1. What is the range 62-127 by shape, rounded, prolate or oblate, if you read a ≥ b ≥ c off the alpha carbon gyration tensor as root eigenvalues and call it rounded for a/c under 1.5, prolate for a/b larger than b/c, and oblate otherwise?
2. Where a ≥ b ≥ c are the square roots of the eigenvalues of the C-alpha gyration tensor, would you call the chain rounded, which needs a/c under 1.5, or, failing that, prolate if a/b is larger than b/c, or oblate?
3. Rank by packing, highest mean first: peptides 60-72, 143-155, with packing defined as the count of other Cβ atoms within 10 Å averaged across residues.
4. By counting other Cβ atoms within 10 Å of each Cβ, how are 34, 177 ranked from fewest to most?
5. Kindly state, to the nearest 0.05, the FRET efficiency for residue 11 paired with residue 38, given R0 = 30 Å and r defined as their beta-carbon distance.
6. Would you work out the relative contact order for the chain, in percent, from Cα pairs under 8 angstrom that are 6 or more residues apart?
7. Tell me the angle of helix 102-116 to the major Cα principal axis of the chain, expressed in degrees between 0 and 90 and rounded to the nearest ten.
8. Helix 2-40 sits at what angle to the longest principal axis of the chain, using alpha carbons and giving 0 to 90 degrees rounded to 10?
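Where a number appears in this text, it was derived from the coordinates with a stated rule and is not lab data. None of the values given here were measured: they were computed from a predicted structure. Neighbour counts run over all protein chains shown; Cβ positions are idealised from the backbone, glycine included.
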Amino acid sequence: MEASYQHSLHQRVLRQRNRLAAAAAVLAVLVAIFGLLSVSRDREVVLQPILRSPMTISSSGVSRDYLEAVTRDTAVLVLDRSPQNLEYWMNAVLAITAPSAQGRVKADLLKIVDEQRGSSISQFFTIQSISLNPNDLTSEVTGDLHTIVGAKEVSKENRTFRFTWKYSGVSLQLIGFGMVTTEQQKDR
């Protein structure tokens, strides 16, 4: 009788073990499915509205509105500088630059800082138009570049500047910028 009792007890423990193993297998399959769905699904981040309407960014690509807003703000950051804000200016530009381009961009910025430090030359940029190419991750800003020495404006030149971007995950990072020459404008 004791053997039959032990046998029924073992059978009950085996059934519990088998049910637990089946539940664990089902849960493992569900975790794998949800993991695959979360990796393949586009991520979106809701941004504070800085344009006429709220915007989002997605891991599937850069929207035209977002590229325009970032280009506008970057153009103002990069092209407005004075001897009093050179350190902040350089650090702010480097903060939005992709790590792979920071060395090259920093070398270019240091040349400008060395030239402008201790001088009374300031510049600011008034934007007239922005052209965007979200597919190539480039943007161009056209406007007047004003140069001021002391308190007097010494030049006002219409210029176009091109910004090149890198998009990774949901992060848009600067990889290069510069003035577009007349030869480059003819090639477009």
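1. The shape class here is oblate.
2. On the way: a/c = 4.45, a/b = 3.26, b/c = 1.37.
Prolate.
3. Ranked from most to least packed, the peptides come out as 60-72, 143-155.
4. Values: 34 10, 177 22.
Ordered from fewest to most neighbouring Cβ atoms within 10 Å, 34, 177 come out as 34, 177.
5. Details: r = 41 Å, r/R0 = 1.36.
That gives a FRET efficiency of 0.15.
6. Here the relative contact order equals 16 percent.
7. That works out to roughly 30 degrees.
8. 20 degrees
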